1. When you have a sec, figure out the Kirkwood radius of the stretch 621-665 from all distinct Cα pair distances and drop it here in Å to one decimal?
2. Going by Cα centres, the stretch 223-241 and the stretch 275-297 are how many Å apart?
3. Starting from the alpha-carbon convex hull of the stretch 525-584, give the projected area averaged over all orientations, in nm².
4. Averaging over all projection directions, find the projected area of the Cα convex hull of the stretch 134-223 and quote it in nm² with one decimal place.
5. Over the stretch 108-172, what lengths in whole Å, largest first, do the semi-axes of the equivalent ellipsoid take, defined as the square roots of 5 times the eigenvalues of the alpha-carbon gyration tensor?
6. Excluding residues fewer than 8 places away in the same chain, name every one of the aspartates and glutamates whose C-alpha is closer than 16 Å to that of residue 517.
7. Show me the ranking of peptides 232-244, 270-282 by mean Cβ neighbours inside 10 Å, starting with the highest.
8. Hey, which of these cross-link pairs are over 28 Å Cα-Cα: 53/245; 625/725; 100/207; 120/256?
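Please treat every number below as a calculation from the coordinates, not as lab data. All values derive from a computational prediction rather than experimental measurement. In this analysis, Cβ positions are derived from the backbone assuming ideal geometry, glycine residues included, and neighbour counts consider all displayed protein chains.
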Amino acid sequence: MNINKPSIKAVTIREKNTPITDLKKTVTKYLYHWPLFVIGLVITLTITIIYIKLSKPVYEIRATLLIKDEKKTPDPKPALQEIDILNSSKITENEIQVIKSQEIIRKVIDDLQLWIIYKKKDGLFNTNLYNTSPFKLTVLKATGDVEDEKLSVVVNDDKSFTLEENGGEPRKILFNETFQSNIGSIKLQPTGELAKYHGETIKVTFKNPAGLALDYQDAIDANQLNKLATTVDLSLKDVIPQRGKDILNRLIYNYKLAGDEEKNKETKNTLDFIDQRLAAITGDLTNAEKGIEQFKSSRGLTDISSQSQISLENMQVNDTRLNDVNVQLSVIEGIERYVNSSQSFTKPPATLGITDAALSSLISKLSELQLQRERLLATTPETNPDFEPINRQIVSTKDAIKENVKSIKSSLLSTRNKLQSFNSGFESTIKNVPTQERQYIGIKRQQAIKENLYTYLLQKREEISVSYASSLSNDRVVDQAYSGAGKVPQKPAILMAALILGLGLPAALLYSRYSSKITDVDDIKDSITAPVIGEISFDPSQGPIAINTAGPTPLSEQFRSLRTKLFNLTQPGDSGDVYVITSSLPGEGKSFVSCNLSATMAFSGKKTVLLEVDMRKPKLAKKLKLSQTHAGISDFLSGNAELPGIIQKSGVDPNLDFINSGKPIQNPSELLEGSRLTELIDALKKVYDIIVIDSPPVRLVSDGMILSRLANYNLFVIRQGVTEKTEISFIQQLINEALVPEMYIIFNGIQRIKYGYGYDYNNTDYYNRDKKQKGAGSIFSNFSERL
């Protein structure tokens, strides 16, 4: 079929938006939804006022602890540098981690029984009875997890109470009486507050101690505020100031107690080792002294000759060196016996007299591992898998000690052999000395060795004891826990936040709604090359025909303006113009535009026919209240009906006829591709001036693109606030690929107040003199729609 293409295009004059215009549009668009902002403010302000009423003052509890830090305190030389335990300085950063450790905080929770909560109902809310409870609950033997268990206790008098558990019957029980409950064997002991709570109901709840310890690890803040000082500032926020004070004071107490216990264990282990060595050497020294006494008495020796004096002095110097080697060998043999003994987890001996830094480091590491194992053993069975890594470290450390001891012992034995050979040389030089005097020198040398070793160990034992006594007060409390004034929520700041939230959330909701939809004609003009030929206002009546001949209305004039623009596109003398009305998706108003455009054409005297070609979801016949079973387009295309038999009178205007979609079919696209559709359009053009085709959406099916080839003008409907902005690229693609030729855009469903774009037609006196202007009161109409 040969279709005449128009040579005259519609001219669109664009108006540039100024910042003031854009602001006005935005304000108008958001003010349209004023009920949503009112509801948002009411909700946020109501929640805020309730929060302020229910909020309790929060107290900040603080305490200060002084720690002896080896990096910042003077470093006096310890009396015995070989024994590390005498150097009791600490690193402040490490001690902060110890203070906040799970073990110490868990002990605080157990000591204060923080996992048991007592509350009394006070009106609509519950009041925490920390330190003011009428009784104290003691769990003698728990049967399982007590978390989420609840007890209801009614205080009858000074002697008894009524207990009610979850799912249990009330029981009357005496105070201080042990009884069974869901959580195990417990008893309630009265406090000094009992008389104040006669007849009152006390709710007792339980929390998981481990989980509560984690919460307090996060809540307690331990910081070194002054980096040049060694003080640690502890702080905790709590609505009950006394509870916060008790927690910090008990935390400091448990920290110092743990440090003292660890120090006592290390010191006792070292003292025990020294005592064992002293006991062994005492016997050897006694025997050596008795040998000298017997030797002198049996031989009548009173003095050593001057001849042997020089040789004796040389041998004494050599003996002193030999003595040092023997002391070290004695210590090494003690360490060797320890690492080879079957008692794998006893405390390691001290490295007295050993100058090897590697061995001292290994012994210190082994001691730390043993202490860690003992602390773990205090709370965990030895069969627990947690012991495996620490046991492996102990074994590997002992193996390293064995290798180190073996090397040191070999070196010491070699040294001792050399010194002994030196002694042999000295003895050869005094071979002329009487035999008795040489024998006396040998006995005296053995006695001197034992005496020096005994004196050395005894001195060190006293030094350790003195240092132990003086190291108990290394850490001291600078400030006991104290609290300041309670802080209540700042009402102005909270109310301002509520105001911002109450306005911001609706604004964000509206922005998300508007930002994805086409609301302004500039959105179309900036991205689509097809001209906008008409703008149609929103019709709240939802009827199929919104225009009439009784009088002018804004909507009628908009369709008349569209009709005029379409007539201006045609060449003089053209007849049988075909208009295809389509859109991207359903709901954009193409059927509404088709009906009203057809009526407008008919009102001008043009012989017009409206074709309902949407054969998948036909709606026009029902909206126009015409027969839906009447033969229609599908019947004609299938060859089951002919042209005169499918035409119906629309009932809207004598010049407007209607052809419905016909019987439902499965293959409308195949029928539209056939030659019968061209025959139908050609036949209608001989009878009618205007042919309007209501086409299916082109995004969903190809029917619209098939029909567009038969049209003089394809009118593409975009609806304000409904059509997504993502459809713009699809529409432009249709233009670029010439899938829908001669396309013109109709911007439909415009609501100026709601979206901030459109012409102001509120001055309806121009169209109806008898109708008074509504004025500002119209802003309160359609309340639900404005939400």
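1. 10.6 Å is the Kirkwood radius here.
2. The stretch 223-241 and the stretch 275-297 have Cα centres separated by 59 Å.
3. 6.2
4. With every direction weighted equally, the projected area is 7.2 nm².
5. After scaling each eigenvalue by five and taking roots: 19, 17, 14 Å.
6. 526, 588, 724, 727
7. Per-residue mean Cβ counts within 10 Å order the peptides as 232-244, 270-282.
8. 625/725; 120/256
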